[in-house]
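Accompanying notes for the structure given below.
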Amino acid sequence: MTLTTIACAVCMGNGPDHLDSVAAGYAMLVMLLIIVPMLITIIFFIRRMAIRERENLDPALSD
């Protein structure tokens with residue numbers, strides 16, 4: 001048993017002989033392309049709600 005057989009797909013290496021690591025790289029890229037826009041959207045809407053709440057808050061109701 002060599003060390004490359006017990007290594008994970010990312011650590012095995014790169015190049016045309018190591019298609020597992022290429023596939024793992026694309027999988028990480030796809031996950032980032034899904035997660036990053038979702039996080040940006042969530043942050044945008046939370047910020048938008050905070051700004052709109054601050055603008056429309058009655059001063060008599062604030063502490």
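Could you line up V30, V22 from fewest to most neighbouring Cβ atoms inside 10 Å?
Numbers: V30 10, V22 14.
Listing V30, V22 from fewest to most nearby Cβ atoms yields V30, V22.
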With labels modelled as points extended 7 Å from the Cα through the Cβ direction, what inter-label distance (nm, one decimal) is found for I43 paired with Y26?
2.9 nm
Computed label-point distance, nm, for sites L33 and R54 using a 7 Å Cα→Cβ extension
3.6 nm
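Rule-based calculations on the coordinates, nothing more; no lab input. All values derive from a computational prediction rather than experimental measurement. All Cβ positions, glycine included, derive from the backbone under ideal geometry; neighbour counts span all protein chains shown.
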